[in-house]
Amino acid sequence: MRFPQPVRVGDLIGRDVLRPVESQDILGQIRRVVRDPDGGILVVVEFGGFLGFGRRPIAVPVDAMVLLGPDTEIVAFTPDQLRQFPTFSSAMASDVAPDTVIRMGLAKPSH
Amino acid sequence: MKSPFRPEVIPDKAVLDDHKPLIRSLERRGLIRGGLSLGSLAMLTGCDVERPDAVESALLAISRFNDGVQALLFDPRKLAPTYPASMILRPAKFNAYYDVTEVKPVNGESWRLDLSGLIADKRPWTLGQLQALPQSSMVIKHICVEGWSYIGGWSGVRLATFLEHIGADLRAKYVAFKTADDYPSSIDMATALHPQTLLALRYGDEPLADPFGFPVRLRMATKLGYKNPKWVTALEVTNTYPGGFWEERGFPWFAGL
Amino acid sequence: MDQAKDAPTAASSAAPAGRRLHPLPIRIMHWVNAAAMLVMITSGWGIYNDDVIIRGFIFGSFWRLGDWAAWSLNWHFAGMWFLVVNGLAYLIYGFATGRLREKLLPIRMSELVHTVIDTLHFKIAHDDITIYNAVQKLLYIIVILAGIAQVVTGLAIWKPVQFSGLVSLLGGFQSARVLHFIGMAVIVGFLVVHVALALLVPRTLWAMLSGGPRLAGRKEPHPSSGHAT
């Protein structure tokens with residue numbers, strides 16, 4: 001178990017999303033937290049690109065992510081898998097209010 | 001000569017089996033052995049100078065000397081900077097010598113703090129008894145030897161208050177800890193008596209969460225993160241150097257900030 | 001080294017006119033510093049990997065001193081004494097003998113521009129290795145200041161509570177780490193140029209081993225002689 005901890009949605013916005021590797025490559029930043037029609041919580045990550053070009057939002061299930069102190073990591077998908085994710089469109093889901101407390105697992109630094 | 005800062009028994013290599021970072025580092029060592037490294041060039045030789053016994057002994061001797069220098073630099077009245085509660089990172093950052101999935105929660109009801117060594121009243125303590133002592137809070141920076149840091153808000157019993165309460169010999173050299181996750185640790189008495197050294201029971205406004213050491217952990221504003229054991233189960237006051245988990249693997253003992 | 005053998009008499013070698021370009025204390029301090037710097041840089045790279053500053057970038061095992069972080073740290077905390085004590089001795093010697101002032105000052109802007117233009121035209125003048133041109137002077141001053149800055153930022157990272165005032169002056173603990181990293185980059189940048197030039201003009205390398213040519217009895221180097229011919 002990754003011991004999911006309570007975290008305020010507003011505190012997640014803007015956090016860096018890293019690869020769980022020693023070099024801590026940045027995959028993107030958290031833009032929004034949304035609920036899909038089935039009630040599942042998705043974290044919308046501004047993903048990929050180079051020097052700010054070619055970035056696009058993708059929705060990652062909250063269970064696939066962990067907290068690493070003030071950063072987050074995607075532990076359940078490789079960058080290659082994430083590249084196959086469809087671009088997130090707002091029509092699919094509704095925003096979770098910033099004061100809502102959700103749960104996210106933990107990780108220790110990778111090295 | 002017997003050194004107070006080195007374990008008499010070299011740590012069992014089997015311990016490494018469940019310790020991924022160390023195993024990786026050993027793999028790296030293998031890589032270095034396989035070839036020439038800039039580090040060995042720096043020493044103007046092409047052979048393995050990374051850590052032969054003589055080099056290791058010299059480095060550990062300097063590290064012990066540095067422990068002394070650090071103790072001299074430590075000002076018992078100097079307080080670490082504190083921060084507003086709004087800056088507390090919630091939840092805290094997790095780290096251990098094993099993955100978070102290996103955390104084994106401790107039952108607060110049956111938990112006891114065992115006491116030993118130079119202590120007048122060695123009766124074990126319950127969580128309720130600790131909660132009944134005067135509580136202090138501090139919002140301080142946690143600094144890890146790895147380089148990262150975050151601001152955390154900790155509450156609990158000042159270790160100085162607790163040591164006075166149990167009649168500990170405050171002139172003793174060391175306070176040593178044992179933990180539920182087999183992470184022995186020890187600190188100098190001067191730091192144990194520092195006002196920003198707590199037996200922490202709470203983080204933010206909540207009891208410690210399981211991965212952060214519930215029910216009781218040590219939290220010091222004046223030492224690196226690895227000196228702060230979680231899930232503390234035993235405390236000893238002693239004049240015999242007790243060492244610690246990372247210290248036995250090469251990290252400095254004093255580790256003062 | 002062979003200074004005593006070459007010196008006609010002890011009295012004349014002590015006289016300013018008979019001085020070597022690099023007196024023995026300078027040579028010893030130079031090579032102690034070179035070893036200490038290499039230890040500090042490569043062990044620092046080992047420490048760096050545990051929490052990278054440039055996301056996505058780590059140092060490969062070839063570049064690191066210490067087989068994992070604990071030993072990189074131990075190397076770093078051992079090397080620091082050699083770097084600091086030797087560096088202090090160098091600065092005291094340099095100020096006391098007037099060497100720093102004599103070798104590194106003055107730097108004239110016109111000369112600086114001139115040297116840069118010459119260098120860009122691959123006209124690297126080094127007939128007289130006893131006199132530094134304006135670019136050399138500037139680089140040596142920068143690297144001395146960077147070395148001092150490394151000690152200051154290093155102290156802030158080592159003892160952020162005991163020297164909390166210094167840490168806030170540097171913009172906080174993480175900022176001090178980044179400054180320490182930048183200082184390293186400046187020194188490594190200097191090293192690359194310094195070593196490349198020493199290999200291009202091996203006489204300078206030999207001079208730092210043997211002491212180099214005897215200085216004439218002049219008091220002040222002529223300002224324009226640095227890029228003569």
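The values are calculated or read from the model by the stated rules, or taken from the named source; none is laboratory data. Since we're looking at a predicted model, the values are computed, not measured. Every residue, glycine among them, receives a Cβ derived from its backbone with ideal geometry; neighbour counts consider all protein chains shown.
So that you can scan it fast, the table gives a plain yes or no per residue for (1) assigned to a strand (DSSP E or B); (2) within 14 Å of chain B (Cβ to nearest Cβ):
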site	(1), (2)
A:P6	yes, yes
A:G10	no, yes
A:Q29	yes, no
A:R32	yes, no
A:G39	no, no
A:A59	yes, no
A:L67	yes, yes
A:T87	no, no
*Consider only pairs whose beta carbons are under 7 Å apart and that are at least six residues apart or on different chains; among these, list those whose first residue lies in the range A:76-88 and is closer than 21 Å to A:P37 by Cβ and whose second residue is among the β-branched types (V, I, T).*
A:F85/A:I58; A:T87/A:I58; A:F88/A:V44; A:F88/A:I58
*Take the range A:91-111 and flag every residue that is under 21 Å from B:A209 (Cα atoms), within 15 Å of the chain's Cα centre (by Cα) and in a loop (DSSP other than H, G, I, E, B).*
A:A107
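The rows are residues; the columns are (1) away from chain C (no Cβ under 14 Å); (2) over 28 Å from B:R249 (Cβ atoms); (3) among the acidic types (D, E); (4) without any contact (Cβ under 8 Å) to a residue 40 or more places away in the chain.
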site	(1), (2), (3), (4)
B:S116	yes, no, no, no
B:K122	yes, yes, no, no
B:M138	no, yes, no, no
B:W148	no, no, no, no
B:R158	yes, yes, no, no
B:K173	yes, no, no, no
B:Y203	yes, no, no, no
B:D210	yes, no, yes, no
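Among the candidates B:A180, B:A190, single out the residue that is aliphatic (A, V, I, L, M), within 14 Å of another protein chain (Cβ to nearest Cβ), within 16 Å of the chain's Cα centre (by Cα) and within 25 Å of B:E247 (Cα to Cα).
Working: B:A180 fails: within 14 Å of another protein chain (Cβ to nearest Cβ).
Exactly one residue qualifies, and that residue is B:A190.
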*Taking B:P229, is it under 14 Å from the mean Cα position of the chain (by Cα) and closer than 19 Å to B:D67 by Cα?*
no
*Examine the range C:124-137 for a residue that is touching a Leu at 6+ places or on another chain (Cβ under 6 Å), assigned by TED's automatic domain parsing to the domain that holds C:V178 and not β-branched (V, I, T), and state whether such a residue exists.*
yes
_Residue that is in contact with a helix residue (DSSP H, G or I) (Cβ under 6 Å, 6 or more places away or on another chain) and within 14 Å of another protein chain (Cβ to nearest Cβ), where the choices are C:I47, C:I107, C:I141_ = C:I47
_So for the range B:134-145 (the condition being farther than 22 Å from B:S86 by Cβ, surrounded by fewer than 19 Cβ atoms within 10 Å (Cβ to Cβ) and in the same structural domain as B:M189 (by TED's automatic domain parsing)), does at least one residue qualify?_
yes
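Just to be sure I understand, how many residues within the range B:86-114 are part of a loop (DSSP other than H, G, I, E, B), more than 14 Å from every other protein chain (Cβ to nearest Cβ) and closer than 19 Å to B:S155 by Cβ?
The initial filter retains those residues of the range B:86-114 that are part of a loop (DSSP other than H, G, I, E, B), namely B:88-99, B:103-112.
Filter once more, so that each one left must be more than 14 Å from every other protein chain (Cβ to nearest Cβ): B:107-112.
With the extra rule that they be closer than 19 Å to B:S155 by Cβ, the set shrinks to B:108, B:111.
Total meeting the criteria: 2.
Looking at the range A:53-107 only, could you name the residues that are farther than 21 Å from A:V9 by Cα and not polar (S, T, N, Q)? Let's see the steps before the verdict.
Start the filter on the range A:53-107 by keeping residues that are farther than 21 Å from A:V9 by Cα, which leaves A:53-55, A:77-87.
The answer is A:F53, A:G54, A:R55, A:F77, A:P79, A:D80, A:L82, A:R83, A:F85, A:P86.
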*Any idea how many residues of the range C:87-122 are in a loop (DSSP other than H, G, I, E, B) and free of Cβ contacts under 8 Å to residues at least 24 places away in the same chain?*
3
*Might you check whether a residue that is of a type in the set (S, T, N, Q) and either in a helix (DSSP H, G or I) or over 29 Å from C:A156 (Cβ atoms) (or both) occurs anywhere in the range B:185-196?*
yes
*asked:* Among (1) of a type outside the set (V, I, T); (2) farther than 30 Å from A:R8 by Cβ; (3) assigned by TED's automatic domain parsing to the domain that holds B:Y98, there is one condition B:A255 misses while meeting the rest; what is its number?
replied: (3)
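Report, by residue number, each residue of the range B:233-255 that is in a strand (DSSP E or B) and either surrounded by fewer than 24 Cβ atoms within 10 Å (Cβ to Cβ) or touching a Gly at 6+ places or on another chain (Cβ under 7 Å) (or both). Write out each step before concluding.
Taking the range B:233-255 as the starting set, the residues that turn out to be in a strand (DSSP E or B) are B:233-238.
Residues satisfying the conditions are B:T233, B:A234, B:E236, B:V237, B:T238.
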